[in-house]
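Engineer: Please find one structure pasted underneath; my questions will follow.
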Amino acid sequence: MERTKILVVDDESRMRKLVRDFLTREGYVVLEAGDGMEAMDLFYADKDIALIILDVMMPKMDGWQVCREIREHSKVPVIMLTARSEERDELQGFELGVDEYISKPFSPKILVARVEAILRRTKGTQAEETMNAGGIVIDKAAHIVTIEDKPVELSYKEFELLSYFVENQGIALSREKILNNVWNYDYFGDARTIDTHVKKLRSKLGDKGEYIKTIWGMGYKFEVEA
């Protein structure tokens, strides 16, 4: 069975080695890039990259630019690493379609756990998985959402969030519950991460974004109007 490829992008060779050692120990194939331009060359050359771990502060082309360019071509999951932990940086990452956001210093074991969680969900094929809710059609196996036969371009996390809402129609979901189920680990960041994703998801769903109801002081509920 072919092993999963992960691209690690960081200008610090010591950091790349740390991440690479932990990932290879778990059986992953690790590709490395020392700057953003090198990362893009590897990304275009290898279509089998399953996940990218990307540092923000790099020479030649920073992580934001790399992520922006990747998102023009691919929905491959991206984990962003940064020494800065300001909320605006985190929100910028999610606006660009980042799937996870980890501040340095971090535990390599936690990073590996998050990699495994994302890949499990990406590869999950439990699926007679076509769901239809009020004209929103979700094909979980193919990771495609359509409305009136037109594809809706969603990031990986937006897709997971919409799927979770549809699977739990009519149920009031707290932000904490959404974080634990969609992000698939105990998230220690700000729950407003969810609000950012919901805002973008509603916008992309157009009129059908109204199915996602806000429950003030608690969270959200997905409800299709009769």
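The values are calculated or read from the model by the stated rules, or taken from the named source; none is laboratory data. Given the structure is predicted, the values throughout are model-derived calculations rather than measurements. When we count neighbours, we look across all protein chains shown, and the Cβ atoms used for this are built from the backbone with ideal geometry, even at glycine.
Engineer: Across the range 159-173, what is the total count of residues that are modelled with pLDDT of 90 or more and of a type in the set (Gly, Ala, Ser)?
Structural biologist: The total comes to 2.
Engineer: Which ones in the range 204-221 are without any contact (Cβ under 8 Å) to a residue 24 or more places away in the chain and in a strand (DSSP E or B)?
Structural biologist: Listed by number, the residues that qualify are LYS213, THR214.
Engineer: So, in the range 95-142, how many residues would count as being more than 20 Å from CYS67 (Cα to Cα), within 14 Å of the chain's Cα centre (by Cα) and modelled with pLDDT under 80?
Structural biologist: The qualifying residues number 3.
Engineer: Still on this structure, please answer the following. Can you spot a residue in the range 60-75 that is over 21 Å from SER155 (Cα atoms) and in contact with a Lys or Arg (Cβ under 9 Å, 6 or more places away or on another chain)?
Structural biologist: No, because not a single residue in the range 60-75 is over 21 Å from SER155 (Cα atoms) and in contact with a Lys or Arg (Cβ under 9 Å, 6 or more places away or on another chain).
Engineer: What are the residues in the range 25-65 that are in a helix (DSSP H, G or I), among the hydrophobic types (A, V, I, L, M, F, W, C) and farther than 21 Å from GLY97 by Cα, if any?
Structural biologist: ALA45
Engineer: Pick from the range 77-94 the residues that are exposed (fewer than 15 other Cβ atoms within 10 Å of the Cβ) and in a helix (DSSP H, G or I): which of them is modelled with the lowest pLDDT?
Structural biologist: Ranking the candidates gives GLU87 first.
Engineer: Next question. Name the pairs whose Cβ atoms lie under 7 Å apart, with the first residue in the range 142-156 and crowded, with 16+ Cβ neighbours inside 10 Å, the second of a type outside the set (Gly, Ala, Ser) and assigned to a loop (DSSP other than H, G, I, E, B), and 6 or more positions between them or separate chains?
Structural biologist: What qualifies is VAL145/VAL152; VAL145/LEU154; SER155/LYS75; TYR156/LYS75; TYR156/PRO77; TYR156/ASP99.
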